[in-house]
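Q: Once you've had a glance at the structure underneath, I'll fire off some questions.
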Amino acid sequence: MEQLQHALSEQVKTHPFTPQSPTITAFRAEMPAVGSLLPWLKGQTMFPQYYLNFRDSARCIAAIGKVRSFSSEISAQEFVRQTDLLVVGGLTFDKRATFWLPRMVLEQTDNKLYATLYADGAQNPQSERQAALDAIKTLSNSTALSPVRQPLRIDTQKADENRWCAWVKKAVDAIERGDFTKVVLANETGFVASNPIDGKDFLAESEKQNTGCYHFLYAENPQRTFVGSTPERLFARHNGSIQTEALAGTAAMSEDPIQNQREAAWLLSDPKNDNENLLVVQDICDNLANYVRRLDVGEVGLKQLRRVQHLRRRIQAELKPPFSDAACLQAIHPTAAVSGLPQKKALDFLKNTENFDRTWYAGTLGVMTKNHSEFCVTIRSAFIESNKIRVFAGAGIVAGSVPLLEWREIERKASGLLTLLTHHGE
Ligand SMILES: C=C(O[C@@H]1C=C(C(=O)O)C=C[C@H]1O)C(=O)O
Ligand SMILES: [Mg+2]
């Protein structure tokens, strides 16, 4: 990190910081890859803080501070197109957009660590120079990660087993009446721990145990951190190609490989779960239709995790120019994997049934650049506030859904995060 500090200070010292230049300057430096970026992030006091460890590559981003903000996906995209810089952020479940250009971004790939520091020419030159120098100092801050295991006590639950089963029954009745074909109900459960839970420690433990996922963290301020480990991609775009997927339909996973295989065979042949998945395929394909010139849906496969396994169909498409991330976000989020189908009817049902605001749960977080953008779906997630944690989990309700089985499904999904606190790691 000293290497990065030195290289960046040299650049900042010689930069003119001309008054009222509208442009953003990016100062860049690189060094060989280090271990996890989470100890660095844990050592920071600058907010917002953002972290995204990608699912299918070694790429990982950690960012602090904010130089510019964008309250719509369109304005974020315009900025990215004009400047060729990166923005981070996303959309809440109900599509409120928050994107920003951070002050400092660390990006790690297989073998390199890149640091980029941004300075805004539209700001006062003296204060921008100072802000840049302050950001460079953060590179030497780092706090060792600590274990997170501790006793938890359940505090509040938006739906207990009985209420959940009533919600599911109401949904199945509405499906039988023909109001909609799928709705994804969710629950929020709050727990109290004896000591404060550190979001970075928690996520580091999740990275160890919940492999095969995107790991994300977003903290707007020191009081509240949104974290999670999701198996689900919203989309990844490389120039004009996008890769998305229908991830829906669930069976149990345990430490018993024979049992897991039995569950997998059942999942792959169960019509109710296949229907859950196919409705997501239909939703994504219909919503992308206007923006693509070719679209392929892959064969059904399995996405196996620590506590659950899912059906997955990969979807690959060629976008029509001008390859718009904003259009993709608006077209497919929230997919029928987290909302339902038809969407409007399903969302109305959720508004009248769920007794909490989802905010960032089942939203999307990612990064946007001119040529490459990637967003995950923020399920398997939680809010951490001091010694309290609120965990979210949902399940797709379709014709044939059995309330008690859907209850077990959401309890298993939530356990992916909760067992990090309550069980012994390896
Ligand atoms: C809504 C969630 O997961 C979604 C619902 C699934 C299902 O019902 O089978 C599977 C994966 C996700 O599409 C969640 O984990 O909160
Ligand atoms: Mg399900």
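Q: Among 295, 417, which comes first, second and so on when ranked by fewest other beta-carbon atoms within 10 Å?
A: The most exposed by this proxy come first: 295, 417.
Q: Averaging the inverse of every distinct alpha carbon separation and then flipping it gives the Kirkwood radius. What is it for the chain, in angstrom units?
A: Value: 22.4 Å, from the Cα pair sum.
Q: Between residue 156 and residue 314, take the C-beta separation as r, use R0 = 35 Å, and let me know the FRET efficiency to the nearest 0.05.
A: The value I calculate is 0.40.
Q: Do you know the relative contact order of the range 178-325, to the nearest whole percent, from alpha carbon pairs under 8 angstrom that are 6+ apart?
A: 24
Q: Using θ = phi - 60° and the Karplus curve 6.51 cos²θ - 1.76 cosθ + 1.60, what whole-Hz ³J(HN,Hα) does each residue of the range 315-325 get, with Gly and Pro shown as x?
A: Computed from phi, the couplings for the range 315-325 are 10, 10, 9, 9, 6, 7, x, x, 5, 8, 5 Hz.
Q: Among the GluC sites (Glu not before Pro) in the range 1-90, which ones are in a DSSP loop with at most 13 other Cβ atoms within 10 Å of the Cβ? Mind listing them?
A: none
Q: Moving on. Can you work out the Karplus-derived ³J(HN,Hα) for every residue in the range 150-159? Use 6.51 cos²θ - 1.76 cosθ + 1.60 with θ = phi - 60°, whole Hz, and x for glycine or proline.
A: 6, x, 10, 10, 5, 10, 10, 9, 5, 10
Q: For the chain, find the longest principal axis of its Cα atoms and tell me its angle to the long axis of helix 257-269, 0 to 90°, nearest 10.
A: The two axes meet at around 70 degrees.
Q: Once you've got the GNM for the chain with C-alpha springs shorter than 10 Å, pick whichever of 324, 269, 386 has the biggest mean-square fluctuation.
A: Highest fluctuation among the options: 269.
Q: Using helices alone, I'd like the mean residue ellipticity at 222 nm for the chain: each DSSP H run of four-plus residues gives -39500 (n - 2.57), total over residue count, nearest 500.
A: -10500 deg cm²/dmol
Q: Oh, and also: Please list, or write none, the lysines whose alpha carbon is within less than 18 Å of the alpha carbon of residue 351, excluding same-chain residues fewer than 8 places away.
A: Here the lysines satisfying the reach criterion relative to residue 351 are 95, 158, 169, 170, 182.
Q: For the residue pair residue 194 and residue 123, what label-to-label distance in nm results when each label sits 7 Å from Cα along the Cα-to-beta-carbon direction?
A: Each label point is offset 7 Å from its Cα along the Cβ direction, giving 4.3 nm.
Q: Neighbour counts of other C-beta atoms within 10 Å: give me 408, 293, 306 arranged from fewest to most.
A: Ascending number of Cβ neighbours within 10 Å: 293, 408, 306.
Q: Now, a different point. Pairing the Cα long axis of helix 73-83 with the longest principal axis of the chain, what angle in degrees results, from 0 to 90 and rounded to the nearest 10?
A: 30
Q: As a quick test, which of the pairs 112/208; 42/413; 112/200; 42/137 have an alpha carbon distance above 18 angstrom in this structure? Intermediate values should be presented prior to the final figure.
A: Working: 112/208 21 Å; 42/413 27 Å; 112/200 22 Å; 42/137 15 Å.
Too far apart for the 18 Å limit: 112/208; 42/413; 112/200.
Q: May I pose another question? Would you work out which of 292, 125, 311 lies farthest towards the positive end of the dipole of the chain? Charges go on Cβ: Lys and Arg +1, Asp and Glu -1.
A: 125
Laboratory data are not the source of any read-out in this text; all were calculated from the coordinates shown. On a predicted model such as this, the values are computed, not experimentally measured, just so you know. Every residue, glycine among them, receives a Cβ derived from its backbone with ideal geometry; neighbour counts consider all protein chains shown.
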